[in-house]
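To keep things clear, I will list the structure first and then write my remarks on it.
Rule-based calculations on the coordinates, nothing more; no lab input. If you're wondering where the values come from, they're calculated on a predicted model, not measured in any experiment. As a convention, Cβ positions derive from the backbone with ideal geometry for all residues, glycine included, and neighbour counts pool all protein chains shown.
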Amino acid sequence: MAEDNREPLAGAGALREALWALLPPTKEELVPELGEKVELGMARLLQEATELFCGGRRSECLQASEAILDYSWEKLNTGPWRDVHKDWRRVYAFGCLLKAVCLCDEPGNAPAVAEALKVCDMGLLMGAAIHGDILIKVAAILQAHLPSGKRPGPARQQPGTKKARNDGVPVPDVASERPVPRLRCPSLQHFRKQFLAPGRPVILEGVVDQWPCMTKWSLEYIQEVAGCRTVPVEVGSRYTDEEWSQTLMTVNEFISKYIRDESRDVGYLAQHQLFDQIPELKRDISIPDYCCLGDGEEDEITINAWFGPRGTVSPLHQDPQQNFLVQVIGRKYIRLYSPQESEALYPHETHLLHNTSQVRRWQQPRSSCALCAGLQGHQQPRRARGLASARRSVDLSPLGKRVISGHSPSQGGVSTGPPSPTRPSCRGLPGAQSDAGTCGLQPDAALPWHPERRDIAVRCCQGVLGKFTLRSTQGDGDAGRPVSPGAEC
Amino acid sequence: MAEERRGSWFGFGFCGFGQALGSGRGRQVHSPEPLETPGPGADVCRVSASWSYTAIVTRGGQVQLSGAAGGAAGGCRDAWASEALLVVLRAGPAVGSRPELQAWAPGSALRGEPLWTHTLVSEAEREDAAGGEPQARALPLLPGARAYVSPRPPFYRPLAPELRARRLELGGEHALLLDEAGQVFSWGQGRHGQLGHGTLEAAPEPRLLEALQGLPMAEVAAGGWHSVCVSETGDIYVWGWNESGQLALPTRSLAEDGKTISREAGWPSEGDSDVRTVGSEDGAPAPFIAIQPFPALLDLPWGAEAAQASCGSRHTAVVTKTCT
């Protein structure tokens, strides 16, 4: 929209009307229905906030919604994420809803609309759906009332003309390693029998050729569709590094700071359920048919997005679920080891990083591939040499899944995964699902917004613990990891 | 403390529920204001503040609730307020009968039946409850120091007698215990470093804080995800989560906001001494600390000595000794 921001936003009254049209018509219907988990004090506050809202007492309603958010945020940070009761997430989402709509009550206040969109995003990231996923609809309306998502300022660069960053990460020589086999559109039965059942990796070609994202996606497109949306970004090359941290920023800020520009830091939009947050992007992708071979229901399939510049490195780790990784833009180097070799890979002993290896440099990889967007390639097979025997034995979750290692020289991966019988928002940690109950540890199924990951990096800066092996260990790989909170909204 | 000071009670913080903090003007009370007491001349000896309501106990044995929960009852020696549960220690119905611990739903207004009761049977328990100062063994530590009460089931949790607990404080996900020798123990979840043992691992049983061994502590306090203790010499040690600056260490969130945020409080303080709310330091070039997993010594401004500390879910308040 070509609006001049110095004047009141045209259609500000239209914004208010559009938002109110989404809401339930009566106060009674607006108050969320919640169970006993939500205590008396909060139940009263919710009633009160709704009354203030319906009574047009905007600033008091804002205060009340802040209190709702403060308290429910604490509930969201208490205990493992999988134990956080969904009602508290609904409360949080409700607080976000009230706050966002109240912020937009003032006509012509463009920064308030941007903040309201941030608030919606926080509700989507941490909350649970209320009133028929109303926050998605609110976000769509707010986005339509913001200035265009295209990045202002210098002319857009083509990805190819971007300055190459010399970050000292060499592009691995795939030819010397054992390749992952490639097949063109195998049948479901063949895939299941030869790869899924025995747990062998494979590259499938031709499966996603018709997905709209293959032709539509570019930096400009993503900025247009999702530029103002707030997403979690990991800053730092590896999540086992000291300086690694997580933060929130808009997609525009992320692209501008970490993708287009020569940033000293590596920023990675990693393992985020972007497509739940931004349905417009979800329309550009699909779910591979092979996913129906999994054990669970279709609505338990999680779809994560991975979006980063060159040089993102993920330490060797094991994913808790079988999954497919789809490379849309750019290329990614991935190195794999068999689960049978887990002991030789020195997993961290802490439950937090128990799916992650401590090793940084690898001598004898088992399998590897360079996953390029739409490319075919053939690697010379080479016999893998034996690995050194383990010096210590560690309990590992007997998931029988591929140990995955990956290294991302470039941009833009999208991964989808087959369903698993358990809660899909568990991230990257073995034992997080019920099917791995044999693992004696109970690591966190992480909050999408989990404090520990960031805090580990900062803690190491304080020179803390000999016992934690984080300082002396790194790895290569592609990781599933949770995201930690920035400030709440 | 051996003797109860007959001071006045003040309160400040979030009172959106009309928790009878000060005048109750508006939603937040920014400076300490006198607490409304149950009646003229009522001598308040114990105040326990939850998020949405406050429980006040008088020397006359009256417990009164104000805020989202209301109601009053007699025959109470002690009360402990949490959002999920209100716990009161009541004298037995008849003279000489055993004192009883009761857990009530806050919304019950102390009418009807409690959710759960526990009669104090052992000699140690009854002696402790019967004699002297109600502050001697404050809830959630039970008289006799053989057990404590938790807002989550199981409500009654035994303690090893060799711990010789003097004081026990419950945080959001952890517990702190101060023993007769001034040693501090912690247990529970450790995700945010709140146990102080130097790791993020949980501890299922009380574990001694080795970093403080040999330093006798006078007070302990537990917040949502952080811990504070005050030594007999007036030093403060903090550990745990610093995401909101609750440890007075540099924090990213406050550096970005550029101001000290006051969070929900409701902790009343005695009128004579100085109260400071510890939020954040400004302009520190030191790296941000999100978690402090073992105790750090905190320097108070002007070299003040601490007398007492208390924690809200994400903030800390310290009372200093008046300077002489």
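Is the C-alpha gyration tensor of the range B:153-221 telling us rounded, prolate or oblate? Criteria: a/c under 1.5 is rounded; beyond that, a/b larger than b/c is prolate, otherwise oblate.
Numbers: a/c = 1.76, a/b = 1.09, b/c = 1.61.
The shape class here is oblate.
Can you give the percent of C-alpha pairs in the range A:12-145 whose distance is more than 21 Å? Above the 21 Å cut-off, the range A:12-145 has 34 percent of its Cα pairs.
Were the residues from A:GLU297 through A:ARG58 laid out at 0.36 nm apart, the gain over their Cα-Cα distance would be 81.8 nm. Pairs over the 28 Å Cα-Cα cut-off, from the set A:LYS86/A:LYS257; A:LYS86/A:LYS216; A:LYS86/A:LYS332; A:LYS75/A:LYS137: A:LYS86/A:LYS257; A:LYS86/A:LYS216; A:LYS86/A:LYS332.
Rounded, prolate or oblate: which fits the range A:241-302 when a ≥ b ≥ c are the square roots of the eigenvalues of the alpha-carbon gyration tensor, with rounded for a/c under 1.5 and prolate only if a/b beats b/c? Provide the component values of the computation, followed by the final result.
Values: a/c = 2.98, a/b = 2.01, b/c = 1.48.
Verdict is prolate for the range A:241-302.
Please give me the summed charge of the neighbours of A:GLU106: other residues whose Cβ is under 10 Å from its Cβ, Lys and Arg +1, Asp and Glu -1. It works out to a net charge of +1.
Could you tell me which of rounded, prolate or oblate describes the range B:37-119, using a ≥ b ≥ c as the square roots of the eigenvalues of the alpha-carbon gyration tensor, with rounded for a/c under 1.5 and, failing that, prolate when a/b is larger than b/c and oblate otherwise? Oblate is the answer for the range B:37-119, as a/c is 1.5 or above yet b/c matches or exceeds a/b.
Within 12 Å, Cβ to Cβ, of B:ALA84, how many net charges do the neighbouring residues add up to if Lys/Arg are +1 and Asp/Glu are -1? List each step's numbers first, then the result.
Working: positive: A:LYS37, A:LYS75, B:ARG152; negative: A:GLU36, A:GLU39, B:GLU83.
My count for the surroundings of B:ALA84 gives 0.
On full extension, the segment bounded by A:TYR221 and A:GLU28 gains 65.4 nm, given 0.36 nm per residue less the C-alpha separation. With just the Cα atoms defining each centre, how far is the range A:266-304 from the range B:73-116? Give it in Å. So the two Cα centres are separated by 51 Å.
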